[in-house]
Every structure is written in structure tokens, then in C-alpha cells.
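Asker: Structure incoming, see below.
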Amino acid sequence: FVLEKKLTAAYLAAAVRRDQYGTDVDWLDYEVTQYTDRVETLVREGKVYTDQMSSLAQARRNRVAMEIHHVFYSQELEGKKLALHMQLDETRQRYTKAIERLQLRESLVTRRKAEGALSAGTQHSCAINAQDHVQCWGLNDIHQCNAPRHVTFRAIAAGDHSTCAIRQTDSRIECWGTNSFGKSTP
């Protein structure tokens, strides 16, 4: 019974080792073969009786069952690994599509902002900068380049001697420059 206990202990140690570190098939074979060979030697010498041979056969069957379980367990782990890789690929694709949508939205917003963000008059030009403030240059003989400060705008139009823009906050139109013929009156 001592050999049976040792053989059982070897199988238990192999199971613990498999659970803790993964299966090392060579180590398992070495442990089992070592005790199996010892039992077979004792059988040949007549020191082990036939009632212990059934225990040896059962131990071999247990070994085969453990190896089959290991194969199924390895296949299950491979399946889980494949599923994780597929999830990772799907997540990457969703992330890439989300980035593309954000870039598209950003370009649309930039385009919408750029439409009406620059206007050229007869002798002056005005633009809306990144902070949504107006900057004008060119002839300023009738204050057509004197944009209101500390006001944000979303669109601008420059004329002969006047400039008008739409406020960002309340969508009202504000004009400056000459008011001949009501040009600067919104």
C-alpha cells in the first residue's frame, strides 16, 4: 500500500503542479514512470501481489484520464484566447471607426467655421480667428477695421467701407465703419 500511496501522491502532485504552473508533460511522465517502473520491478520479484496490480492499472487509467482532461483544458484555454483576440480586434475596429467619425465631425465643424470666417471688402479684409474674435487689415479710413473687442463672432462680411458680423452669443448682427445709405445698420 505504500507504493500505491506514493503513486497517488505523484498524481496529486502532478495535478497541483498543473493547476499552479501549467502542465509539464515531461515532468508528469517522469514521476509516473518512476513509480510504475518500481511497481513492475516489485511484481517481477514477487514482492507485489495481484491485488496491488489492479491499483496499478487504475493508476494508469487515472493518468490517461488526466492527460485527456489536460487536452480538453488546453483546447478550452485556446478557445478563450481566440475569443479574447477577436474581442480585441473588434474593439480596435470600433475605436478606429470612432476616431474616424470624430475626425470627420472635426473637419465639418472646421469647414463650417471657416465658411464666413474670412471676407474681403473693397480695400480691407477681415477674418475670425481661432478665439472667434475679428481681426481686420487694410484701409481703415472710416473705421471699417475697428472691430468690437471682447465680442465673439461666428460669421463676417466686409463691404466697401463697412463690415458686419454675426455674434456668437445671441446671433445678432453687429456692423461698423461708414453708415452711408444705411450700410452699417443691421
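Asker: Rounded to the nearest 10 Å², what accessible area does Asp141 show when all protein chains are kept and the probe is 1.4 Å?
Answerer: Probe radius 1.4 Å; accessible area of Asp141 about 90 Å².
Asker: Which value, in Å² and to the nearest 10, is the accessible area of His85 when all protein chains are kept and the probe is 1.4 Å?
Answerer: Looks like 100 Å² after rounding.
Asker: Which FRET efficiency value, to the nearest 0.05, do you get for Arg94 and Asn140 by plugging their Cβ-Cβ distance into 1/(1 + (r/R0)^6) with R0 = 45 Å?
Answerer: It comes to 0.25.
Asker: What spacing in nm lies between the two simple spin-label points modelled at Glu67 and Ala130, each 7 Å away from Cα in the Cβ direction?
Answerer: With each label point 7 Å from Cα toward Cβ, the separation is 6.9 nm.
The values are calculated or read from the model by the stated rules, or taken from the named source; none is laboratory data. Nothing here was measured: the structure is a model prediction, and the numbers come from that model. Positions of Cβ are generated from backbone atoms using ideal geometry, with glycine treated the same way; all protein chains shown enter the neighbour counts. Protein only, heavy atoms only, side chains kept; ligands, DNA and RNA dropped before computing areas. Shrake-Rupley method; radii C 1.70, N 1.55, O 1.52, S 1.80 Å.
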